[in-house]
Amino acid sequence: MIVSQEPVVEIVRRIVDKQLNLSAHGYELDADDDLWNMGMTSLTCMGLMLTVEDTFQIELPEEALREGTFRTVGTITAAVEAARSAHEKPERRV
Amino acid sequence: MPRIEPRPTNPFPLLHDPAEHRFPLSAGQERLWWLRQLDSSHDQYHITGGWRFPAGLDLPALTAALTGLTRRHDILRTRFVLRSDGTTAQEVAGEVEVPVIRAGREWRAAVERAASEPFDLSRPPLLRVVAAELEDGHGLFTALHHIVTDRWSMDVLARDLFELYDAALAGRAPSLPALPVQYGDYARWQRRLLTDDLLRPGLAHWERTLAGYERLEPPTDRPRTARDDATGASLVVELPEEDTAAMTAVAWRARASPGVVVTAALVAALSAFAGQDDVVIGATISDRPRPELQDLIGFFVNTVVLRVDVSGRGTTFRELVTRTRDAWLAADAHQDVPFERIVGAVRAGSEERRNPIFDVVVNHAGDRTALAEAPGAPEWWYPELPVTARFDLSLTTQTVGGRLRATFVYRPALFDETTIAALAERYVRLLARGTADPDRPLRELDLAGRPAAAPAAADPAPRATVVELVEAQAARRPRETAVTGTAGELAGEELSYGELNRLANRLARHLVARGVGRGRVVAVCLEQTTDRFAVLLAIAKCGAAYFPIDPGFPPGRLRFMLADAGTALTIVSPSLAHRVPADAAPLLVLGDPDLAGYDTGNPPPAARPGDLAYLISTSGSTGAPKSVAVPHGALSRLVAGAPRYLDIGPGATFMQAGPLTFDVSVLEWTPLAHGGRVVVTGTGALLEDLEAVVRDHGVTTLKLVSPQLDLLAERDLRKLSGLRQLVVGGDVVNPRSFLAARELLPGCRVTASYGPTECTVLATVFDGGFRDGRVPIGHPIPYTRLYLLDRDLRPVQDGMRGEIYLAGDGLARGYHGRPGLTAQAFLPDPYGPPGSRMYRTGDVGRRLPGGAVDFLGRADRQVKIRGYRIETSEVEHALLRHGATSAVVVRAELDTGPALVAYVVTDGSGDVAALRDRLRATLPAYMIPDHLVRIPRVPLTPNNKVDRASLPPVVPTRPGAAAPSGEGSGTAAPPGDEGTAAPPGNGLEANVAEAWSRVLGRPLAAGEDFFDHGGHSLLVPRATAAVRRLLGREVPLRLMTRHRTPAAYAAALLAESLPGIDAGLDADLRLERRTWHSRTLGGDRRVDLFVPDGAAEVTRTLVVLDGSDFADVMRLPAVLGRLAGDRRVPETAAVFLSPADWSSRRRELLDDAYPDLLADELLPVLRDRLGDRWRPGRAVAVGASLGAVAAVRAALRRPDAFEGAVALSGPLSEHRLGPAASAPARLFLYASREEADIMLDDGLDLVEAVKRTGEELAADGHVVRCEYGDGGHTYAAWESVLPEAISWALREDRARDVR
């Protein structure tokens, strides 16, 4: 997927939404809603992790590989941004 | 990276409808409801939970809390009902009360009862509460049916209950999250998703995933039985904290979860346990796909199937984790497909006693621990309860205090604790090693920690050849008898050791003179006489090998064998000389050359341990014969060790009853080498005189093969009373015969033995006690090693299935002149001394506790039918246990598909149908042979092996009918089979087929298995409801799981409703069934004639349409018999006409030519049968439904032949009945009041139709009686009106009844 200028948090929100099937029912996901209370299971979390890595073409660093990373849209976004900046620093365009 | 396929979104809104109180069941609930119906006596689906109340338990507050809880959660006030159309529903009641059982200190019994007593699902609450006084405070125990809860819900329940309780205590309002929806809303929402269209892609996924799957068949310690024993036991193992942490880290790094990793380790352990690469297990997924569902109590669990491919030599643990993760993710994405639909889609059938598709289930808890771990969460109380095992084996893992806890729950009815402990140990080891070293191939990981193969024998077998040993005996006891003959011209002749040795010495010298020496092969074709020992010994003395040939073989084959073995000479008994092709090899006829001139002293020793001692031709059931070449060293190993387990020394008399071509005869060397005596007998295949020979010659040690023992056991084993030892050889020894020998021969040691020719006669012997109806093959004999190895030639753990390999000093050199074959069967022995070999037997076995080896079958005789891997020997074992004398089970490719066929030998009285019934009581249905064929004798090859190629083929007698499955609609009918020709399909069968076809949405033939054609258990209530409506009475749901074809089901219904029919009611015995061909309509059809006994004239006759329904289902013959017996009707004969096939019934009954057919074609059949007893008179036509129309038509249109009709539930107004003006007929018209629901094409309902037609016919001058009853359009309703209808119609005094 081409990572557009869309803010990371929006992309993450969309991925989470798709994994958890939330917005189909008009549920507005907040950046700090606890996903574990919204029907996320370890399996959907796994799917979420794989999709996030796929979408942003990143590999989450070791320290991000824990449940806490996937608790909210906000935490995921933070992990993605950290991974991307580590990843892209050498060739970062303005 | 794999493509992540997200779970499809349920497009419907999940909303609460406060007005609605009736909901469908969710898919999972429906499954539980069904399981509950299947077993009304006990229930494995209870969920329990308990909590501590250290500060005491306030009962009023508890009652208030429980009331609050049931108000809050509709599911706790829900009843589950079956509606008359076969669908299920859950209905929410307004209020229910939850009684609290106050058990005090004696709470144990109350808790156990609450946990185990079945729930009536139609009576809420499905919740029991026990208040207990514990030693340290109070405890509250709850038990719920799984259909209203799940594990996660128990945390919700605890939170809600405690908050309600605390609030009640404090007199405040409870503070709990609002419940926007209730369980029923969820169920309805879920069901909306489960339409065929929405399910189709999911079903396609499961069909793809499970295509060609192999059921996981771990070896059980006890055979699976028909009895469903859910008693469970559990075993807990823990992974140390550091390993658990490592496991979690590996999980994350592999982009998987701990649940995936624990599953992967289970898959690897099961793969090794079962010896299968294709591992299919079940998993349960907690499923609350919407935020609104998080705080509900209810059953939110989906069952999915995980199929993981473990194959590949280099597969690493990490790779396996990835494969397992992908299986999990795919299963997660398709979990909306109800398990029953998966079962239906892959035609996994519905085994009543076995879970479809899988028997092992994995379950990783720990997804949501927030509630249970929240501060102030109630403290759990776990009173000890009996474990129930819902599956054969399940693994639940959970991380507790940083350590992974793995709980194995298993069925002790199938597995020993040691077996599960070994599995658990391997599981933990795999998990620890796999996470420590995820990139090592699994096979290496698993290798370490396996048991070492049995250590190689420390001392090699003594090398003295039989020549040296016999010569030593001849020197030591020259005058003692070595051999006694019982057959042929030399019967009764004895040879002493001295004589034997001298004879052999002379012949040896002659042979040497003819060029026989080391490395040569001498064929022998000898009578069963004493001189055969001199011949064999002489050949050995020359250093040559003997090669027995069977004089019964065709010359071409003999010529081939002789040439193949490169024989230098053939020595033949005079009487057999003409049988041996003269051109094949130089011939030496015994007695021909005069040997008197030769020296009688021992010739110089020639044979060395490496020289061949003999060749034995083994003709496998397929392929060309091959000869096993056995060197002296191997024979020495047999002879040297024999005294340790065979009674063959001085004073012993040994006999075996096989020909020389059979390698058991090689055992005759053992007494000769140790100073015992051999009796040589020429008894025939049936061992006619064996008992007499044993008695007359004082045989002490008898060696038989298993079928021979069975033969003797059929006669009387006590006739063998002089024996000191009986040795029974064979892989499957009939345990009944074995036990009978032990019981009937006190003082006789009964030994089982096993050994392929390639391991010099014997490999193992067994003397011990056994259980579970199987005689183990036992322990290796001296100088012999037995390995149980997996596909990679690594030892399997005790209890695990492995292939049997034999090693040690007894191995043959190989197959004579067949280096390729030899290399395939004789492999380097990785566990023996350098350079040693091992022989691959092709047999499968496992080590029992105590070390004895249990034979499980042939590696190549495992058959796969309908997805089940069936060990044919297991079925054979069961047949033997249940009274068959011998049994051979094979997989046959019939026109109707693959089928399991059992060939059985039973004694004269043995009833094959009864045998099948007994099998059914102990074996799971998929192991019940489709065909049981009785044969007079099991055909054996010349080497006493079962000759599978000679078994008669199975010929289904009903071409076009599908293979019968399960029940005795049995069609295979070679002579002697249980199936007489299958009865022609009757109306009931056709109606059942039609009803089931409607439920399946596709046509199902009478002989086709419902469950093999897309049926699944959740369709059973609907299919049964359709049959209930047909019959007008209750039919148990579970009938369908046993009787799975319409034919079998109809037969079972008949057997059930007519318990007397097999016992032979008089009336039924008088039914004569014929096949009748109608000129008018064509086609063969069933006709039954009912003719009263005795010589009396028959004055009245009935013509009954849809005859099989009236004869088989409504029991009209019995009704007639009873009415005549009570003198309510005169002696009456009847002819029952059935349609040719059910699809043409309607057309036939309404055919304008039908009345004429009845009058002119059918009635004469009855008239001819009655002959002189026939008195001219007219008949009464009887019919129901459309048959009623035809019956009335016959009476109106052919008054010359019919005087009247009985017309039940006929749509009479829909059809033109007859000419307005016809001779007056006597007509009994009947309808059931419920039939007012049946609307006819002319706008009348059926009751009105009967009423109006009756009025019109009466106006036309006919004698009409209209009756209205209850029961609907059913057989039951018609059956109940028949006595009155028939007696009125047949009544001779007509005037009184005119209306």
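Between A:Thr51, A:Thr77, A:Thr72, the distinction of being surrounded by 16 or more Cβ atoms within 10 Å (Cβ to Cβ), at pLDDT 85 or above, within 11 Å of chain B (Cβ to nearest Cβ) and within 11 Å of the chain's Cα centre (by Cα) belongs to A:Thr51 only.
When B:Glu91, B:Glu112 are screened for being of a type outside the set (Lys, Arg), in the same structural domain as B:Asp74 (by TED's automatic domain parsing), surrounded by fewer than 21 Cβ atoms within 10 Å (Cβ to Cβ) and farther than 30 Å from B:Leu1031 by Cα, only B:Glu112 passes.
The number of residues in region B:550-604 that are within 48 Å of the chain's Cα centre (by Cα) and among the aromatic types (Phe, Trp, Tyr) comes to 2. Taking first residues from region B:1252-1281 that are assigned by TED's automatic domain parsing to the domain that holds B:Arg1115 and partners that are surrounded by fewer than 16 Cβ atoms within 10 Å (Cβ to Cβ) and β-branched (Val, Ile, Thr), the Cβ contacts under 8 Å between residues at least 6 apart in sequence or on separate chains come to B:Val1263/B:Val1298.
Confirm whether B:Arg79 is farther than 20 Å from B:Ala143 by Cβ and free of Cβ contacts under 8 Å to residues at least 60 places away in the same chain. No, not satisfied. All of B:Thr220, B:Thr195, B:Thr231 fail the test of being within 36 Å of the chain's Cα centre (by Cα), under 30 Å from B:Pro11 (Cβ atoms) and among the polar types (S, T, N, Q), apart from B:Thr195. Every test in (1) farther than 30 Å from B:Trp189 by Cα; (2) in contact (Cβ under 8 Å) with a residue 24 or more places away in the chain is passed by B:Glu242 save one, and that test is (2). Taking the conditions exactly as written (part of a helix (DSSP H, G or I), without any contact (Cβ under 8 Å) to a residue 12 or more places away in the chain and of a type in the set (Gly, Ala, Ser)), does B:Gly641 satisfy them or not? No; evaluated as a whole, the condition is false for this residue. The number of residues in region B:702-721 being at pLDDT 90 or above and of a type outside the set (A, V, I, L, M, F, W, C) comes to 4. Residues in region B:288-329 that are assigned to a loop (DSSP other than H, G, I, E, B) and within 11 Å of chain A (Cβ to nearest Cβ): B:Arg288, B:Pro289, B:Arg290, B:Gln294, B:Asp295, B:Phe300. Scanning region B:98-107 for residues that are loosely packed, with under 14 Cβ neighbours inside 10 Å and in contact (Cβ under 8 Å) with a residue 24 or more places away in the chain yields B:Pro99, B:Gly104, B:Arg105. Would you check if B:Arg224 is crowded, with 19+ Cβ neighbours inside 10 Å, within 14 Å of chain A (Cβ to nearest Cβ), part of a loop (DSSP other than H, G, I, E, B) and not hydrophobic (A, V, I, L, M, F, W, C)? The answer is no for B:Arg224. Listed conditions (1) within 12 Å of chain A (Cβ to nearest Cβ); (2) more than 33 Å from the chain's Cα centre (by Cα) are all met by B:Ile285, apart from (2).
Step by step: first the residues of region B:164-190, then only those that are in contact with a Ser or Thr (Cβ under 9 Å, 6 or more places away or on another chain) and over 16 Å from B:Ile75 (Cα atoms), then the one that is surrounded by the fewest Cβ atoms within 10 Å (Cβ to Cβ). Which residue is that? That would be B:Ala167. Here B:Gly202 passes the criteria (1) assigned to a loop (DSSP other than H, G, I, E, B); (2) crowded, with 16+ Cβ neighbours inside 10 Å except the one numbered (1). If you go through region B:686-710 and keep only what is aliphatic (A, V, I, L, M) and either in contact with a helix residue (DSSP H, G or I) (Cβ under 9 Å, 6 or more places away or on another chain) or part of a strand (DSSP E or B) (or both), you end up with B:Leu686, B:Leu687, B:Leu690, B:Ala692, B:Val694, B:Val699, B:Leu702, B:Leu704, B:Val705, B:Leu709. Residue check: B:Thr757 meets all listed conditions (1) of a type in the set (Ser, Thr, Tyr); (2) modelled with pLDDT under 95; (3) over 34 Å from the mean Cα position of the chain (by Cα) but one, namely (3). Screening region A:21-36 for residues that are at pLDDT 80 or above and facing another protein chain (nearest Cβ under 9 Å) and picking the one that is farthest from B:Ile285 (Cα to Cα) gives A:Asp33.
The combined condition, being within 13 Å of chain A (Cβ to nearest Cβ) and more than 23 Å from B:Gly401 (Cβ to Cβ), is fulfilled by B:Ala254.
Considering only residues in region A:54-66 that are surrounded by fewer than 19 Cβ atoms within 10 Å (Cβ to Cβ) and more than 9 Å from chain B (Cβ to nearest Cβ), the one that is nearest to B:Pro258 (Cα to Cα) turns out to be A:Glu63. In region B:132-181, of all residues being among the small types (Gly, Ala, Ser) and part of a strand (DSSP E or B), the one that is farthest from B:Pro24 (Cα to Cα) corresponds to B:Gly137.
With respect to (1) free of Cβ contacts under 8 Å to residues at least 40 places away in the same chain; (2) over 49 Å from the mean Cα position of the chain (by Cα), the lone exception for B:Arg509 is condition (1). May I ask you to list the residues in region B:1282-1295 that are without any contact (Cβ under 8 Å) to a residue 40 or more places away in the chain and in a loop (DSSP other than H, G, I, E, B)? Matches in region B:1282-1295: B:Asp1293 only.
For first residues located in region B:876-894 and among the polar types (S, T, N, Q), partners that are part of a strand (DSSP E or B) and at pLDDT 80 or above and lie 6+ apart or on another chain with Cβ distances below 9 Å form the pairs B:Thr885/B:Val904; B:Thr885/B:Val905; B:Ser886/B:Tyr903; B:Ser886/B:Val904; B:Ser886/B:Val905.
Among residues that are in contact with a strand residue (DSSP E or B) (Cβ under 9 Å, 6 or more places away or on another chain) and part of a loop (DSSP other than H, G, I, E, B), B:Arg188 is not included.
The values are calculated or read from the model by the stated rules, or taken from the named source; none is laboratory data. Note that the structure is predicted; figures quoted are calculated from it, not measured. No Cβ is skipped: glycine too gets one built from the backbone with ideal geometry, and neighbour counts run over all protein chains shown.
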